[in-house]
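Here's the structure we're looking at; comments come further down.
The values are calculated or read from the model by the stated rules, or taken from the named source; none is laboratory data. Values in this document were obtained by computation on a predicted structure and should not be read as measured data. In this analysis, Cβ positions are derived from the backbone assuming ideal geometry, glycine residues included, and neighbour counts consider all displayed protein chains.
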Amino acid sequence: MQRPIPRLLAMTFAIVACSDRPTATGPIPTSPSENAVKFWDDNAAVYWNGVANGLAVKYGKSPFETIRGLAIVSVADYNAAAAAEKAGTGRVHPSVHAAMSAASAVALTYLFPGEAAALETQLDEYLAAGGWPGDRNTDVSSGEVIGRDIAAQVVTRAQGGQVLRSLDRYGADRS
């Protein structure tokens, strides 16, 4: 006959051992460094997804409407970033930051037409605030043009129910 007590003790030990939190191995910073750039916090995708989530809450969108909206914004962001990266020639390239921001603003205007003026104001303010250090030697205006163009194509697809179809590197339909 097997004894359940040793098995129970082993399982308890395994659960307790796996639930420990790691301990810090060095000093814990008390304030952020002014020179530190948190790329995961400071990029167009994070900012505009936050705007999209805020608008979805403001207008009481269902989870399914919110997911569809975030998909439209994300597809527009991705395609705009890819097109801006491919479009550069010489030393100055279209700003990926601006392309993604403009694409997001256009996609969100499609989803929330009553917020069009506010979204344009947010876009202007966001682009005027300057990008992250990796955005040097870029042309904001050409990035914005690329982003708006790509987002218009994504919105057209969304209206036809085909938002997830891919675009080629120049923003043209692959199918």
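Sort out which residues of the range 41-52 are assigned to a helix (DSSP H, G or I) and either of a type in the set (Val, Ile, Thr) or surrounded by fewer than 19 Cβ atoms within 10 Å (Cβ to Cβ) (or both), and write them in order of number. Give the steps one after another, and end with the answer.
Residues of the range 41-52 that are assigned to a helix (DSSP H, G or I), as a first pass: 44-52.
Selection gives Ala45, Val46, Tyr47, Asn49, Gly50, Val51.
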> In the range 42-71, what residues are polar (S, T, N, Q) and at pLDDT below 90?
Replying inline: Asn43
>> Show me the helices (runs of 4 or more DSSP H) found entirely inside the range 53-140 where at least 2 residues are in contact (Cβ under 8 Å) with a residue 24 or more places away in the chain and touching a Gly at 6+ places or on another chain (Cβ under 8 Å).
In response: 63-87, 96-111
